[in-house]
1. Within 10 Å, count the other beta carbons around each residue, average over each peptide in 356-362, 326-332, and list them highest first.
2. Tell me the accessible surface of W61 in square angstrom (1.4 angstrom probe, heavy atoms of protein chains only), to the nearest ten.
3. Using a 1.4 Å probe on the protein chains only, how many percent of the accessible area of segment 155-257 belongs to carbon and sulfur?
4. Find, among the trypsin sites (Lys or Arg not before Pro) in segment 214-251, those assigned to loop by DSSP (not H, G, I, E, B) with at most 16 other beta-carbon atoms within 10 angstrom.
5. What is the distance, in nm, between label points placed 7 Å from the Cα along the Cα-to-Cβ direction at W148 and at D53?
6. Please arrange H120, H260 by accessible surface area, largest first, computed with a 1.4 Å probe and ligands excluded.
7. Expressed as an acute angle from 0 to 90° and rounded to the nearest 10, what is the orientation of the C-alpha long axis of helix 307-319 relative to the principal long axis of the chain?
8. Work out the FRET efficiency for A375 and T339 from their Cβ-Cβ distance, taking R0 = 22 Å, and round it to the nearest 0.05.
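The values are calculated or read from the model by the stated rules, or taken from the named source; none is laboratory data. Quantities reported herein were computed from a predicted structural model and do not represent experimental measurements. Reconstructed Cβ throughout: ideal geometry from the backbone, glycine too, with neighbour counts over all protein chains shown. The accessibility values were calculated without ligands, DNA or RNA, using every heavy atom of the protein model including side chains. Shrake-Rupley method; radii C 1.70, N 1.55, O 1.52, S 1.80 Å.
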Amino acid sequence: MPKRARALRLTAAAIATASLAGGALLTTAAESVAASPSAYTVKGVDTSHHNHDATGKAIDWKRVAQSNSFAFLKATQGTSYKDPWFARDFKAVSGTSLLRAPYHFFDPKSTNDGAAQADHFIRTARAAGYTGTKARELPPVLDVESVWVNGKEVCPKALRADQLDIFLKRVKSAFKVTPIVYTRASFVNGCMGGKGQVFKGYPLWLARYGSGANEPQNVPGAGSWTFWQYTESERVPGISGTADRNVYRGTLAQLRAMAHLGGTPMPQPGTSWPTVKSGQRGVDVTTVQLLLTAQGYTTDADGIFGAGTAAKVKAFQKAKGLTADGIVGPNTWAKLVITLKTGSKGSAVKALQRQLTDNGYTVTADGIFGAGTAAKVKAFQKAKGLTADGIVGPNTWAALVSH
């Protein structure tokens, strides 16, 4: 990595650099307004040799594991660089409860070295003991961002989408798991001409600093985030100085499923829970109200998120051990939805039926999960690439409410 580059950094300095397409400037895209990082309870870190440079000492990974659920470790860059701390860190992390994976910083020196970068990464990760399929191993990560030239962050001149595609497919074939991609919408817009389709179908790890309620903007052609790097300067017990901190969009159970520990994984990339809060109206609000009633927090299903609905949301969140902020984000949705199937009855079924109708699969909202509702559910699931079993679990709920 160039001397001044930090592990996985995307900052405002990327603005006003030459684009891959030739001459266009990087622009800062507007961020999505939703929930703040504090609304997500599953946290993790990412590290490289930079986290050791000041002291030359090892990270206390057992201490890190006390306040984090996952860790991404820099393994390689380009076609030959190996992070000098990777093997030691990966071994140490593997002795803790942390879910973990290596990452590769894509640093093209020619327009056709995607395969060579992939092979270098695969060899290095395997040598450290990473297989991609062991319990507690998360998918490997491709980091695609600006590079440093003469003290400035610029677009990699040799970056080509087809080489990124080659890298991702080669790594997926080697480790038998779909890789994660770290990038940012502003990079895709400025350095890839807004053509992020090469990342479609891969879980996205996106950067957006500054906290607040501004989540990373969706990547053009690829969708929304699964992991969010929300700061590069947080104090993390066990790591000297400051460190990068991240959140996972789903539940810990979903992350554990991604790390081969059983359970139901998060919905496919591109499908995500919407954020519903005070002042909003519509079918998603009605869905929240009907599900609250089904959970024992009776709420008028008028489709208006007013003070009464907010109060019920807060009461539900408090009872479930969530941040009681009255905002229905991913963690609240995960607790709120109820798995439904043929024979189910009640307000949760009405919520399902209204969502089906709103998605173009018209069905009477009678609160009874009969053959007609089952047929519409299966048709919807098939269209969304889900298992068409007629059972409405978290993945189907997420696909319904995120349209």
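1. My ranking of the peptides, most packed first, is 326-332, 356-362.
2. 10
3. 48
4. The qualifying sites: there are none.
5. The modelled label-to-label distance comes out at 0.5 nm.
6. H260, H120
7. 60
8. 0.75
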